[in-house]
Amino acid sequence: MSGHLQIQPFSKQVQGSIQIPGSKSLTNRALILAALANGKTLLEGCLFSEDTEIMSDALSRLGIKVERDKEKRTVEVTGNGANFKVKEAELFVGNAGTAARFLTAMLCLFAGGTYHLDGTPAMRKRPMQGLLLTLRKLGAQITFHEEEGHFPFTLETMGLPGGIWDVDASQSSQILSALLIAAPLARETVQLKLTGETVSKPFVKMTVDMMKDFGAKISGDGLSTTIIEPIESYAAKASLQIEPDATAASYFMMLPGLVGGHVKLPGLNQTMLQGDIGFEAVLREIGMNLEFSNGSMMSSSTKLKLQGGNFDFNPISDTFLTMAAAAPLLKGPTHIYGIAHTRKQETDRVHAMATELRKLGQRVDETEDSLRIVPDLDALKVRAVKKPEIETYSDHRVAMSFGILGSYDLLGDGSPWLKILDPNCCAKTFPDFFVKLKALLQASLHS
């Protein structure tokens, strides 16, 4: 794929089925838990993407046997409990927040290790301080090589004691999840206390549920004071099925709302571990139809104009970009709030979306925590004549969100009107996103 991609609009209503890849969040949590178990765990339906490859490669460097089969979408991990063979290593975490935070906490479980960690320039700016401060208090020696509290740094590990662990996870719930995953392998019982609030709370519940599935003994929900009893290691599982990625599904859930028709999404259900399935409630509120049956979701829309509204996206913040990119085609303003923490993710997502929407002639009121988008279809059509280019800021979610907007036949003749720069940034979580979008287009044309 070249440095930019013209999005081909849907000239007919969408009709088809799309298999969403495995969840990044579940895959990377499962990889860590399986590595900390004794014995073999087979992970099925895994995501194979940049972020999960980074996690797998790091575990391999630490002496964990990780066998990947991309065709079958399986990963077999042979964990060795609380005993890493490799006591010194250099690890590169890319821009993968789960790998960065989970690996850092995990490494601190093992006494006598020296580990050098670094990430991309973007990762060097992302929040790590809350995690590193707690680990320092618990005995880890951390030497920063550039900015205090950020990558790159060297960890000298001492193992982790029990007792009271205070953590500030206000900037990322992954900080809290990282410590939760490590806590059962501390030397004694851990009382984990969250100071203040955290964000994206459903991801913490996901972590706790998965830990229990791997044999952890936990009292509490991870969001207040939580008691974690010590265990020798996590319990290996014969097999674990990874759910389809609910965040990645959000783009295809939204698609019928913009182009009409219906999309079937196998594997999505209302009882998923992933909180981002909650995006379906937002889509219902704007006027779309979503039905769950026989282990699948059907997303459909017959309305010509869906309604904007006011939405708290804090629990499902990864999906706010999907809604923001669609806002120019909705009726009335769309107010999205609870998203301040997303300014410190792959990019400043709030500012990125505001900038690109303004480029398309939309009025956007931006605060630290919110976006209010006032649609202007006429202005969008004027800008479309010049085939505007969407800057993606190396952020997969910016690229995919605007890919769905570009699928709308704005000019009425099926001609492309929107370009996505650096479409390959989707490799982070959904490498074949634009391939699947095009396949759905072709299926719709011939249905």
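Miscellaneous remarks
- Per residue, region 296-352 exposes 33 Å² of solvent-accessible protein surface, assessed with a 1.4 angstrom probe and all protein chains in place.
- Centroid-to-centroid separation of region 404-447 and region 129-193 [C-alpha atoms, Å]: 41
- Debye log10 I(q)/I(0) at q = 0.22, 0.23 Å⁻¹ for region 98-141, Cα point scatterers: -0.80, -0.86
- With K and R counted +1 and D and E -1, the other residues having a Cβ less than 12 Å from that of LYS40 yield a net charge of 0.
- For percent of Cα pairs over 27 Å apart, calculated from these coordinates, the label among (i) 65; (ii) 60; (iii) 52: (iii)
- Ligands, DNA and RNA left out, the accessible area of the chain computed with a 1.4 Å probe is 48% carbon and sulfur.
- Seen against the Cα atoms of the chain and their longest principal axis, helix 97-107 is set at about 10 degrees.
- Annotation for region 347-447: GluC sites (Glu not before Pro) lying in DSSP loop with at most 12 further Cβ atoms inside 10 Å of their Cβ are GLU368.
- Across LYS24/LYS217; LYS137/LYS201; LYS125/LYS344; LYS359/LYS386, pairs whose alpha-carbon gap is larger than 18 Å: LYS24/LYS217; LYS137/LYS201
- Kirkwood Rh in Å, taken over region 204-307 so that all alpha-carbon pairs contribute: 15.8
- Global dimensions of region 211-271 from alpha-carbon coordinates: Rg and Dmax equal 18.3, 54 Å.
- Region 393-447: equivalent-ellipsoid semi-axes (sqrt of 5 x gyration tensor eigenvalues, Cα, Å): 21, 14, 7
- Surrounding net charge for GLY3, when Lys and Arg each add one and Asp and Glu each subtract one, Cβ distance under 13 Å: -2
- Normalised by 2.2 N^0.38 Å, where N is the number of residues, the alpha-carbon radius of gyration of region 320-447 equals 1.04.
- Positive-end ranking of MET123, ASN80, THR347 along the dipole of the chain, with charges on Cβ about the Cα centre, is headed by THR347.
- Treating each Cα of region 85-226 as an identical point scatterer and summing with the Debye formula, the log10 of I(q)/I(0) at q = 0.15, 0.18, 0.19, 0.21 Å⁻¹ comes to -0.69, -1.01, -1.12, -1.36.
- Cα-based radius of gyration for region 25-170, normalised by 2.2 N^0.38 Å, reads 1.02.
- The residues of region 3-63 have, on average, 30 Å² of accessible surface per residue, using a 1.4 Å probe with all protein chains present.
- Share, in percent, of DSSP beta bridges within the chain that are antiparallel, nearest 5: 70
- Other residues with beta-carbon under 11 Å from the beta-carbon of ALA100 carry, at +1 per Lys or Arg and -1 per Asp or Glu, a net charge of +1.
The values are calculated or read from the model by the stated rules, or taken from the named source; none is laboratory data. Since the structure is predicted, the reported quantities are computational estimates derived from the model, not experimental observations. Neighbour counts are summed over all protein chains in view; Cβ atoms, including those assigned to glycine, are modelled from backbone coordinates with ideal geometry. Accessible surface areas use protein heavy atoms only, side chains included; no ligands, DNA or RNA. Shrake-Rupley method; radii C 1.70, N 1.55, O 1.52, S 1.80 Å.
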